[in-house]
Amino acid sequence: MCVRAGRTPQPLVVADVAVGDEQAVADGILHCPDCQHEYPVISGIPIIVPELARLLTERGVELLLRDDLDPMLEGLVGDAIGPDSWFDIMRQVQSTYAWDGYADLDPAEGDPGDGPRPGAARRCLARLLALAGETGPVRRVLDIGCASGRTSFDLAAAFPEALVLGADIHLAVLRIAQMARAGRVSYPRRRIGLVYDRRQFAVSIDGAERTDFWACDALALPMDAGSIDVCLALNLLDCVPDPGALLRSLASVLGTGGRLLMATPYDWSTRATQPAFWLGGHSQRALHGGSGEAFLHAMVAGMVGLGAGLVVVGEQAEWPWQTRLHQRSAVSYRTHLVAMERR
């Protein structure tokens, strides 16, 4: 659906196919017949966001970079651009999420010993599915904030009759997800500092044919109301400008009986969320006493009167989540798991 604000949702149509066929569009243009707005499809990734110019200005280069450079040459480029640059930050993000998603399939990956183990996101998803309990028929699944896409493939395995859409705003990790869907993983694995090792290996993932990946804004989802049966949002609530708006956005696309599976460590950052919108984390003087969990429960309870009708059906206060940064560093979270149902 078109995501331009203030208009009645209109289905998009395929206006141009530069590369592709009747089954898939690799490069092309989507078009809204109502407002005449256009959205590009680049490298198999539809980019359907309200502020297209802003996203492409900030991240468009991520779609144009090569992943087949000689490792020594790639390292020289990284050294020249330098630490804390857009290039280095992008590689750090790719390294962290691709390692967690696919290192278990990498023949070159050794025994982590007492270090972090890949698959933290997948283990979190498995626990959330257990907390959610039985669901009705599942035809459409949304993995919002899917990063490198491994959890999207796990959702396809969990719901073998469903179509799964993985969505994220980080174009560089979406490229990794699309490559994995096609049977190959390639990413810069950070060793330390500016030293990265390019990892490339073949993968064969069940359910890939029922999974796709789009660039979407979680606060302006390009899909019809009530069209999603299960929605996953891992560690996303504290990474958006307005957490309340995120809950309303996800609730709006869920159908009756649909499940919303969320995890958050309440790891607030002003780069993502201004303190006034932090759930609990900006004031110990309020009734919630600075508790993100209590604030989230109050917000969900208050949404019932707004027509969202989210009800908590399963919860775990703490779940271990460890993220690898480089060979000598990792970050450990205790993330809050909540499974909700729309009624």
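Do we have any residue at all in region 163-182 that's part of a loop (DSSP other than H, G, I, E, B), touching a Phe, Trp or Tyr at 6+ places or on another chain (Cβ under 9 Å) and assigned by TED's automatic domain parsing to the domain that holds LEU142? Within region 163-182, one or more residues are part of a loop (DSSP other than H, G, I, E, B), touching a Phe, Trp or Tyr at 6+ places or on another chain (Cβ under 9 Å) and assigned by TED's automatic domain parsing to the domain that holds LEU142. All of (1) under 19 Å from TRP319 (Cα atoms); (2) assigned to a strand (DSSP E or B) hold for ALA126 with one exception: (2). For region 83-96, a residue qualifies if it is free of Cβ contacts under 8 Å to residues at least 60 places away in the same chain and touching a helix residue (DSSP H, G or I) at 6+ places or on another chain (Cβ under 9 Å), and the qualifying residues are SER85, TRP86, PHE87.
Sort out which residues of region 66-124 are more than 20 Å from the chain's Cα centre (by Cα) and of a type in the set (Val, Ile, Thr), and write them in order of number. Residues satisfying the conditions are VAL77, ILE81.
Residues in region 254-283 that are within 16 Å of the chain's Cα centre (by Cα), closer than 19 Å to MET340 by Cβ and not polar (S, T, N, Q): 5 in all.
Among residues of region 41-68 being free of Cβ contacts under 8 Å to residues at least 24 places away in the same chain and in contact with a Gly (Cβ under 9 Å, 6 or more places away or on another chain), the one that is surrounded by the fewest Cβ atoms within 10 Å (Cβ to Cβ) is ILE42.
The values are calculated or read from the model by the stated rules, or taken from the named source; none is laboratory data. Being a predicted model, the structure only gives us computed values, none of them experimental. No Cβ is skipped: glycine too gets one built from the backbone with ideal geometry, and neighbour counts run over all protein chains shown.
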